[in-house]
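Notes for the one structure printed next.
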Amino acid sequence: FCFIDRTSTSSDCFKKPKTKRAKRFLEKREPKLTENTKNAILIKVIQKIPNPYLFFFRKNITRPFEDQTSLEFFSKKSDCSLFLFGSHNKKRPNNLIIGRMFDYHVLDMIELGIEKFVSLKDIKNSKCPEGTKPMLIFAGDTFDLNEEYRRLKSLLIDFFRGPTVPTIRLAGLEYVLHFTAMDGKIYMRSYKVLLKKSGCKIPRIELEEMGPSLDLVMRRTHLASEDLYKLSLKQPKALKPKKKKNISHDVFGTSYGRIHMQKQDLSKLQTRKMKGLKKRPAAKMTEEDEGISPKKSKSVL
Amino acid sequence: RGKPPARGERLAGCLAAMAALCVEELLARAEQREAEPHRSVAVQKELELEFDLGNLLALDRNPPRAAGAQRESRLRSLARDNTQLLVAQLWGLPAGRAEGATGPLVAQLPEPFYRLPREKPLPRPRPPTRWEQFARLKGIRRRKRTSLVWDEAAKQWRRRWGYARAGGDPARDWLIEVPAGADPNEDQFAKRLRDKREKVARNEFNRLRNIARGALPGRGLHPTGHQSRAELGRATQVARVSTASLGRFQPRLPKEPAAPPPRGGKKRRFEPLLGDLAAERSRQLELLRGLGSKKPPLDLTRAVNKQLREEDAQAAKGKGKKRGQRGKRGRQRPGGGKGKKGGARRQQQRPAGRKRS
């Protein structure tokens, strides 16, 4: 017995899309093997960052920690899985909630307090073009020892990673985000990378402070349970690269293959047939010898 | 005493001296430069960094020493060192030139290693539909159809379906020929409309059936945290009934409404003692009437006909099973009408007393 749930939220399986465009829209949003780049919703944030992966909202979402339904609703409508919620009140001044969703439900949410903020505009120098994939560096052993910090690291990587690309232009590595966990605070700094000449192939790096820099303090967290987190980490088997068996590679790049053969009877091996090597009875052989030599002498003469 | 050097010679001498100086300077500078980069690209760290080049990520496990005063400059130098190491790794990747020999230098990034949670759950493989199963069995493969079809009547390439299609729009026909075996009084236009509606309905039914086949049993019964009131009600009902005694001895939940009165069932039901007096009176009078009448309670004719009808129905079901598997699905068999007519005919032909053969 299995019944079709007509009031389920996945009503797209009952409503067939009428146009090709609608069909493409739904296909883009359904679960896939290789996923789309994650989009983020920014709510009530003072700065507006134009970026193809960000959506700017200013709706009635008051307290993400208490009620998550409106957040989830907006995430579903805009197909965004990351969100950033800024607020300010007496109890929690300069609050920033950073979070992500799994299947349009809140997976992890971490509340950070901003202690010091230097914006893009305050630092007057040339910036890197928007949309540059940043280099991310996390310094500090707290990011590995503390469970909350570990999740925060994962969240920040998810947020700032950008689209996954197969190749990258080496001269275009201009932006680096550096996170340091020290004394219970997290220092986030953005630098512009200047590649200077050095004698060898690898350039010397000089950094120039650019971009926003924040001093953050972790406040409340709402982390997903272990099994839900494990479920969200599951990768499809199809994506794992299939290891080719019996092929090995040399240091020099030569590839070697192994062939497994059955046991062979070497006495019965089929080699090239040469009439002269044919097995003959011994008497016949002596006659032939004598026969052959006069012929030979004849030809020589 | 030699002559003093000529102007040209003097010039040459000066130039040579200058060149020697320049060369020395150049050599000195080159030496300096050589010594420098070995210092400037190298970075000393206690613990090695962990790299995930697919994400352009570096993880430094060393406890940072940037506390107190000059924090900004210390942070910046730490960042510089870490970035230097990361860039060194990136430069070590296999690189090529994009867009020909003069294009920009481009490195091949490996797959991202750091596992990040997915956005949506993994897609479940859906079971093959009835057609897919059949096609696989028969070895039928999908043919790619051309988008345009040659229309003989219009002598033109027309699209296969849609606006101005090849066969002419069937809905706009002002004339439909009555086919050979059809009833001349039948409305062919209505018939066409009816057939189309049936086809659409059957298609939709099959689509929903395919979806239901793909749905796991117990769909909508697992707690997801975002179910509506109706869904939860259904889930609680199923949970109640899933006991060994089918929910008969399950106590109601605190705020659950009282159980609805049981209806149906073939077990004995007793009416309440002081219920509907009028119904009780009429029931008792009916009973008395039956007792007082002279007619026998069992109508033999009707009983025999009923038995014969049942036998015929059994026989028909046996035959129909074999035919139904081969025939078209969805064709409605007017079983009700046939049965009624047959019964009336038989009643005339077979009087009471006829023995079963």
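Just for the range A:131-185: of the residues that are of a type in the set (V, I, T) and part of a loop (DSSP other than H, G, I, E, B), which one is least open to solvent (accessible area, probe 1.4 Å)?
We begin by selecting, within the range A:131-185, every residue of a type in the set (V, I, T); these are A:132, A:137, A:142, A:157, A:164-165, A:167-168, A:176, A:180.
Keeping just the survivors that are part of a loop (DSSP other than H, G, I, E, B) gives A:132, A:164-165.
Values: A:T132: 33, A:T164: 77, A:V165: 49 Å².
It comes out as A:T132.
Of the helices (runs of 4 or more DSSP H) that lie entirely inside the range B:266-357, those containing 3 or more residues that are open to solvent by less than 100 Å² (accessible area, probe 1.4 Å) and at pLDDT 85 or above span B:277-292, B:300-326.
Going by the structure shown, is A:I202 without any contact (Cβ under 8 Å) to a residue 12 or more places away in the chain and crowded, with 19+ Cβ neighbours inside 10 Å?
yes
For the condition hydrophobic (A, V, I, L, M, F, W, C), touching a helix residue (DSSP H, G or I) at 6+ places or on another chain (Cβ under 8 Å) and within 7 Å of another protein chain (Cβ to nearest Cβ), what is the one hit in B:L86, B:L116? Going through B:L86, B:L116 in turn, the sole match is B:L116. Residues of the range B:221-235 that are more than 10 Å from chain A (Cβ to nearest Cβ) and open to solvent by 60 Å² or more (accessible area, probe 1.4 Å): B:H222, B:P223, B:L232. The criterion of being in contact (Cβ under 8 Å) with a residue 12 or more places away in the chain and within 14 Å of chain A (Cβ to nearest Cβ) does not hold for B:G162. Checking each residue in the range A:160-209 for being at positive phi and more than 20 Å from the chain's Cα centre (by Cα) picks out A:D183, A:G184. Within the range A:104-124, the set of residues being away from every other protein chain (no Cβ under 14 Å) and not in a strand (DSSP E or B) comprises A:S119, A:L120, A:K121, A:K124. Restricting the first member to the range B:227-255 and to residues that are on the phi > 0 side of the Ramachandran plot, and the second to residues that are open to solvent by less than 50 Å² (accessible area, probe 1.4 Å), the beta-carbon pairs closer than 6 Å and six or more apart or on different chains are B:G247/B:R240. In the range A:243-264, the residues that are among the charged types (D, E, K, R) reach residues that are open to solvent by less than 100 Å² (accessible area, probe 1.4 Å) and part of a loop (DSSP other than H, G, I, E, B) with C-beta atoms within less than 8 angstrom, at least six apart or across chains, in these pairs: A:R258/A:N246.
Just one of the listed residues (B:A171, B:A201) is within 36 Å of the chain's Cα centre (by Cα) and loosely packed, with under 10 Cβ neighbours inside 10 Å, namely B:A171. In the range B:68-82, the qualifying residues are those that are small (G, A, S) and in a helix (DSSP H, G or I), and the one that is nearest to the other protein chains (Cβ to nearest Cβ) is B:A79.
Residues in the range B:119-134: is at least one part of a helix (DSSP H, G or I) and surrounded by 12 or more Cβ atoms within 10 Å (Cβ to Cβ)? Yes, the range B:119-134 has at least one match. In this entry, B:F189 is excluded by the filter for residues that are within 14 Å of chain A (Cβ to nearest Cβ), of a type in the set (A, V, I, L, M, F, W, C) and open to solvent by 100 Å² or more (accessible area, probe 1.4 Å).
The values are calculated or read from the model by the stated rules, or taken from the named source; none is laboratory data. All of these numbers come straight from a predicted model, not from anything done at the bench. Glycine gets a Cβ as well: all are built from the backbone with ideal geometry, and neighbour counts include every protein chain shown. Side chains are part of the model used for accessible areas, which takes the heavy atoms of the whole protein and leaves out ligands, DNA and RNA. Shrake-Rupley method; radii C 1.70, N 1.55, O 1.52, S 1.80 Å.
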